[in-house]
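**Q** A single structure is presented below for examination.
The values are calculated or read from the model by the stated rules, or taken from the named source; none is laboratory data. None of the values given here were measured: they were computed from a predicted structure. Every residue, glycine as well, gets a Cβ built from its backbone with ideal geometry; the counts of neighbours run over all protein chains shown.
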Amino acid sequence: MSWGVGGESAPRRIGLVEDHESVAIGLAAMLAPQPDLDLALTAGTVPELLAAADRASLTAELDLVVLDLRLADGSTPQDNVCALRERGIEVLVFTGADNAFLVRSAAKAGVLGVVRKSEDVPTVVAAVRRAASGEQVVTTDWAAAIDGDPRLSDVGLSPRQEEVLTLYASGEKASRVARLTGLSEQTVNDYLGRIRQKYADAGRPAPTKTDLYKRAVEDGWLPVPERRGRG
């Protein structure tokens, strides 16, 4: 935290990346009464926020960026978090948390925490305050993103098995998965057999390719499919 005239501590400077105006207005209203938190910049995308910060010479002074996961520019949470952290800016995810894949992607990129937009004002303000101080904001959503959904039995896939599962369940044939991973097709089939056995042992059988796709979505390895007709 920087220091103002007379030795008084200056407020933490917050940036917000959010492309829904109503949400941006809502967060601004939550933070306005807090003398130690200053919503300094708001933008619809991470590049726009960083450009605005550069113009205002604020990049090095932003203590935190509050980031929405779903942005209209099609950017990924992981790329956005990495772009901000490369500038030395920590990130707090502010989301509806309806997509485990997106939350997991952001969590693995190194965010300080995940807070739902549906939380009450004191909870959101407390989360922003803690994250702006560089502290982790430990919530069930953040823990679930790191460790997997606690309601589901962990199957203990290895990183290589996760890679094979993700490719195969997303629609690739075993021969194509073999080419993409540098494995033999027989090895890929062996991996798939072991993956199916692990799911069966965990009480979550996946005998078909469709079942494997469902398990991959449940565990956050693949994104939840978008519902048609949703805005």
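**Q** Among the numbered criteria (1) at pLDDT 85 or above; (2) on the phi > 0 side of the Ramachandran plot; (3) of a type outside the set (S, T, Y), which single criterion is violated by A97?
**A** (1)
**Q** Report, ordered by the first and then the second residue, all pairs with beta carbons closer than 9 Å, sequence separation of six or more or different chains, a first member in the stretch 68-88 that is on the phi > 0 side of the Ramachandran plot, and a second member that is part of a helix (DSSP H, G or I) and not polar (S, T, N, Q).
**A** That search, which allows pairs on different chains as well, returns G88/A60.
**Q** Going through the stretch 35-47 one residue at a time, which ones are within 24 Å of G88 (Cβ to Cβ) and surrounded by fewer than 16 Cβ atoms within 10 Å (Cβ to Cβ)?
**A** Correct list: D36, P47.
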